[in-house]
1. If I go through the stretch 337-360 residue by residue, how many of them are in a helix (DSSP H, G or I) and within 12 Å of the ligand (Cβ to nearest atom)?
2. Does the stretch 284-303 contain at least one residue that is assigned by TED's automatic domain parsing to the domain that holds residue 354, in a helix (DSSP H, G or I), open to solvent by less than 70 Å² (accessible area, probe 1.4 Å) and more than 16 Å from the ligand (Cβ to nearest atom)?
3. Residue pairs, Cβ under 9 Å, 6 or more apart or interchain, first in the stretch 257-276 and at positive phi, second open to solvent by 30 Å² or more (accessible area, probe 1.4 Å). List them.
4. Please go through the stretch 10-23 and give me each residue that is modelled with pLDDT of 95 or more and either assigned to a strand (DSSP E or B) or aliphatic (A, V, I, L, M) (or both), ordered by number.
5. Among 237, 213, 281, which is the only one that is assigned to a loop (DSSP other than H, G, I, E, B), open to solvent by 50 Å² or more (accessible area, probe 1.4 Å) and farther than 29 Å from residue 380 by Cβ?
6. Return a yes/no flag: does the stretch 88-101 have any residue that is within 22 Å of residue 169 (Cα to Cα), in contact with a Lys or Arg (Cβ under 9 Å, 6 or more places away or on another chain) and polar (S, T, N, Q).
7. Among the residues of the stretch 306-336, write down those that are in contact (Cβ under 8 Å) with a residue 40 or more places away in the chain and either away from the ligand (no atom under 14 Å from the Cβ) or farther than 23 Å from residue 238 by Cβ (or both).
8. Among the listed residues 40, 53, which satisfies the condition of being in a strand (DSSP E or B) and assigned by TED's automatic domain parsing to the domain that holds residue 151?
Amino acid sequence: MKTIDSINFSGKKAVIRVDFNVPLNEQFEVTDSTRIRAAIPTLKKILKDGGSIVLMSHLGRPKEGPTNKYSLKHIVNEVSRQLGTPVKFADDCISENAFAQSSALKAGEVLLLENLRFYKEEEKGNEEFAQKLARHGNVYVNDAFGTAHRSHASTAVMAKFFDAGSKCLGYVMAGEVESIDKVLNQSEKPFTAIIGGAKVSDKILIIEQLMNKANNILIGGGMAFTFVKAMGGQIGKSLCEDDRLQTAKELLDKAKQKGVNIYIPTDAIIADNFSNDANKKEVAIDQIPEGWMGLDIGSKSVKQFGEVIKSSKTILWNGPMGVFEMSSFENGTKQAAFDIVEATKSSAYSLIGGGDSVAAINKYNLAEKVSYVSTGGGALLEYIEQGSLPGVKAIEN
Ligand code: AMP
């Protein structure tokens, strides 16, 4: 893996793809600066070496070119504050003015370019556009893990305009890649993957890939019910993808052939409607009465899953065990989070990734107590599915 530690930026101009896609309120103030803060060590290393920086990012999903709402000018002050250095702004990413500003940069100076997605060429991965972006610097750094699964101009295509010694991953990317590699390719056994969330269809490829790596796969959340139905259980009006029953059966068969233990919950907390104050009870997961739905795993499953988690040496968690957003149905997810923390204390390596499990770990203030919390949901899942990402490959080639 080629990281920024392998390059001395003295006298160099680094053009860096960062993920500054941060939430803004109605006054266009940054309401969560996590992503900006994450990039600071990369920026500081370059400035400390004596380099200058051109920052590129997208913000939101602008559909019709330049839109005030999606302008990166709104975040300039926050980036300056976090970095402790004033940041200049170019109101277009490829205008002559923008190139004049980047070429005038001196060592220690930082320029932020306007939202890349104001040009449709960015998401199309247009080569000419990528080549123009490449003109802004003489070293390319990719530190935007959240978009590393996209073959966009700034995330993958522009890397080809730099020679092998002049492109690298920043610290955010390097940390993510290292963590996934640790889990997938260098895992201490037993390796347990905890997969939850709403839909089986979203997770089929992941489960298939994990069968080649994991010893145990724990299945929770809404997707568990498709497996239960596939095995002949009664699931009432629980979430189910009837067109995936066959797939679920095949996954279970495949696991058996490969000697991977797949754990499907044995009991569930069921409710008579999808609300926090619905009537609820605990039943065997394959005997859910008509009109009721399973919204969390039951206490026996919590215990069984906990035992597996706590005896693991490597843990990957993606997706909640139930509707954890509602306090009545959060127990399975909450307990899984605490069990992962306990395993981590006993020297297991734990990687939490994918939007909702990250939201869960944050809800219980446990982010500091697990080994690594991934910043990119889609990117992490695609990395597991494909074994690499366009943004990472582009640096290696
Ligand atoms: P995903 O984005 O696929 O990881 O799904 C996460 C969502 O699945 C969360 O919003 C959960 O509330 C929801 N979820 C988890 N378990 C269930 C369930 N048993 N029934 C319905 N939704 C669920």
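The values are calculated or read from the model by the stated rules, or taken from the named source; none is laboratory data. Computed from a predicted structure; not experimentally measured. Ideal geometry is used to build each Cβ from the backbone, glycine not excepted, and the neighbour counts take in all protein chains shown. Surface accessibility is based on the protein's heavy atoms, side chains included, excluding ligands, DNA and RNA. Shrake-Rupley method; radii C 1.70, N 1.55, O 1.52, S 1.80 Å.
1. Total satisfying the criteria: 6.
2. no
3. Correct list of pairs: 259/215.
4. Passing the criteria: 13, 14, 15, 16, 17, 18.
5. 237
6. no
7. Listed by number, the residues that qualify are 308, 309, 311, 312, 313, 314, 315, 316.
8. When all the criteria are applied, what remains is 53.
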